[in-house]
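The values are calculated or read from the model by the stated rules, or taken from the named source; none is laboratory data. Model, not experiment: these values are computed from the prediction. Using ideal geometry, Cβ is built from the backbone for each residue, glycine included, and neighbour counts are taken over all protein chains shown. These accessible areas exclude ligands, DNA and RNA; they are computed on the full protein's heavy atoms, side chains included. Shrake-Rupley method; radii C 1.70, N 1.55, O 1.52, S 1.80 Å.
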Amino acid sequence: MDTNTIQIPGLPKPVSRVALGTWAIGGWMWGGPDDDNAVRTIHRALDEGVDLIDTAPVYGFGHSEEIVGRALAEKPNRAFVATKLGLDWKDDKPFRNSTPARIRKEVEDSLRRLRVDTIDLEQIHWPDSKTPIEESARELQKLHKEGKIRALGVSNFSPEQMDLFREVAPLSSVQPPYNIFERHIEKDILPYAKKHHAVLLAYGPLCRGLLTGKMNASTTFPASDLRASDPKFQKENFSHYLAAVDELKAVAERRGKSLMVFAIRWVLDQGPTIALWGARKPEQISGISDVFGWSLTEEDKKAVDTILARHVPKPIIPSFMAPPERS
Ligand code: NAP
C-alpha cells in the first residue's frame, strides 16, 4: 500500500494517510494548552494536505474539540473530523461510560464544540465492560441513521469486542497504539483490520516523541506531562530506547530521511493504516510530504527488527494510558 490517501468506509472520499492528532492541543496530560499555536498548527496541517483530524472530548475535557471547531470554522470544508466518545469524567478524572444515554449526550456535545452538523468518524474511545457492546453499537447506529454520524469506529478494542460491535453496526475503523516500538497489535488487531476492511488509525506513531530523535538521556518531563508516568521514559528503560533510537536514526539516514519521517513511513507500510501525527506547534508540521512517494525496503524492515531485538527485546506496551472503569 503506497498511496497518499485511503478510503474510510462511509466517508464520501479518501482521506490523507497522515492525519493530525490533537490530544496535546487539548493541554490535559501534555503540560497545558496554547490555543493560538494550536489553531496555527491545524491550519498548517491543512495547508500541507492533511484532511483528517483526530480529536476526542476527553482531550482537555472539551478543549481540543473546541479548538478544532474554531480552526475549521476559519477554513471550512477542508478536513474530515474523527472524534470519540465513551469516556466520562469527574474533577478532570476520566472513566469509561458507553451507555446509550452517555453516547447520545456526547454526540450532541461534540457537534456543538466542533461546529458541524455531522461527525465524519465517531469512535468508541475505550471499551466499557459495564455496558454491553451491542447496546452502544445500536445507539451509534441510530445516530448514524439520524444523519449525525457518517462512519463508526472503535479504539482500544480486542477482536472479540469488535466482533460484538460488528454484529450490530458496520465498523469502518480501528484505533490502537502502533509504532516501531509498540507492535503488539501485529498479532491480532492489524490482521483483524485487514480481514474486515477497517482502516487502522495508528495512535502514537512517534511513540510520544521518542521517534522524533530529539530526546536524550537528560530529557525530563513535568509531572503534568503523561511521559512522566510512561515507563518507557523512566531511567533504565529510557536508556535502552534511546540506544535503539540512535541506531534507527542511522538506518533512516541511509535512506536520506529523518527518523521521524522514517517512523511514520514504517507505520504506513504495514497495511491499511493512517498515522495520527501528534503535533501542537506549527513548526512540528514539517516533512509530511517527505513521507510519501517511497517505501521501506525489506532490508530496512529487517534492520529495524534487528535493532529492536538488540535493545528492546521486551517492549513495554502503553497500558499506563488505560482509563478506569466507572465505579
Ligand atoms: P505521537 O504522535 O507519537 O507523538 C507526539 C509527540 O511528538 C509530541 O510530543 C511532539 O513533541 C512530538 N512531535 C511531533 N512532531 C514533531 C516534530 N516535527 N518535531 C519534534 N517533535 C515532534 O503521540 P500522541 O500525540 O500521543 O499520539 C498522536 C495522536 O493519537 C493523539 O494526538 C491522538 O489524536 C491519538 N491518540 C489516541 C489514543 C486513544 O486511546 N485512542 C491514545 C493516544 C493518542 P512535544 O511534546 O515537544 O510537543
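Here Ala45, Ala56, Ala82, Ala71 are screened, and the one residue that is closer than 23 Å to Met29 by Cα, modelled with pLDDT of 95 or more, open to solvent by less than 10 Å² (accessible area, probe 1.4 Å) and in a loop (DSSP other than H, G, I, E, B) is Ala56.
Within the stretch 290-304, count every residue that is assigned to a loop (DSSP other than H, G, I, E, B), buried (at least 16 other Cβ atoms within 10 Å of the Cβ) and free of Cβ contacts under 8 Å to residues at least 60 places away in the same chain.
Result for the stretch 290-304: 1.
Which residues, counting only those in the stretch 133-150, are in contact (Cβ under 8 Å) with a residue 12 or more places away in the chain and either out of contact with any strand residue (DSSP E or B) (no Cβ under 7 Å at 6 or more places or on another chain) or open to solvent by 40 Å² or more (accessible area, probe 1.4 Å) (or both)? Ile133, Glu134, Glu135, Ala137, Arg138, Glu139, Gln141, His144, Gly147, Lys148, Arg150, listed by residue number.
A count restricted to the stretch 114-126 and to residues that are under 16 Å from Asp88 (Cβ atoms) and open to solvent by 10 Å² or more (accessible area, probe 1.4 Å) stands at 2. For the stretch 253-260, the criterion of being open to solvent by 50 Å² or more (accessible area, probe 1.4 Å) and within 14 Å of the ligand (Cβ to nearest atom) is met by at least one residue.
Within the stretch 272-289, the set of residues being open to solvent by 10 Å² or more (accessible area, probe 1.4 Å), more than 23 Å from Asp246 (Cβ to Cβ) and in a loop (DSSP other than H, G, I, E, B) comprises Pro272, Arg280, Lys281. Against the test of being farther than 30 Å from Gln7 by Cα and touching a residue at least 12 places away in the same chain (Cβ under 8 Å), the options Ala244, Ala250 yield a single qualifying residue, Ala244. The C-beta contact set for the stretch 305-327 (first residue within 30 Å of Asp92 (Cβ to Cβ) and of a type in the set (Ser, Thr, Tyr), second residue within 16 Å of the ligand (Cβ to nearest atom) and open to solvent by less than 70 Å² (accessible area, probe 1.4 Å), distance under 9 angstrom, 6+ apart or interchain) comprises Ser327/Phe95.
Determine whether the stretch 228-238 contains at least one residue that is hydroxyl-bearing (Ser, Thr, Tyr), free of Cβ contacts under 8 Å to residues at least 40 places away in the same chain and more than 10 Å from the ligand (Cβ to nearest atom). Within the stretch 228-238, not a single residue is hydroxyl-bearing (Ser, Thr, Tyr), free of Cβ contacts under 8 Å to residues at least 40 places away in the same chain and more than 10 Å from the ligand (Cβ to nearest atom).
For a quick check of your reading of the model, give me the residue pairs whose first member lies in the stretch 160-173 and is of a type outside the set (A, V, I, L, M), whose second is open to solvent by 60 Å² or more (accessible area, probe 1.4 Å), with beta-carbon atoms closer than 9 Å and at least 6 apart or on different chains. Taking only residues 6 or more apart or on different chains, the pairs are Pro170/His144; Ser172/Arg150; Ser172/His197.
Kindly provide the set of residues from the stretch 151-164 that are away from the ligand (no atom under 15 Å from the Cβ) and surrounded by 21 or more Cβ atoms within 10 Å (Cβ to Cβ), ordered by number. Across the stretch 151-164, the qualifying residue is only Ala151. Taken over the stretch 94-128, the residue count meeting the criterion of being more than 16 Å from the ligand (Cβ to nearest atom) and either out of contact with any helix residue (DSSP H, G or I) (no Cβ under 7 Å at 6 or more places or on another chain) or within 25 Å of Leu52 (Cβ to Cβ) (or both) is 15.
Hey, can you tell me all the residues within the stretch 16-42 that are more than 11 Å from the ligand (Cβ to nearest atom) and either among the polar types (S, T, N, Q) or surrounded by fewer than 23 Cβ atoms within 10 Å (Cβ to Cβ) (or both)? The answer is Ser16, Gly27, Trp28, Gly32, Pro33, Asp35, Asp36, Val39, Arg40. Of all residues in the stretch 266-321, those that are more than 11 Å from the ligand (Cβ to nearest atom), modelled with pLDDT under 95 and of a type in the set (Ser, Thr, Tyr) total 2.
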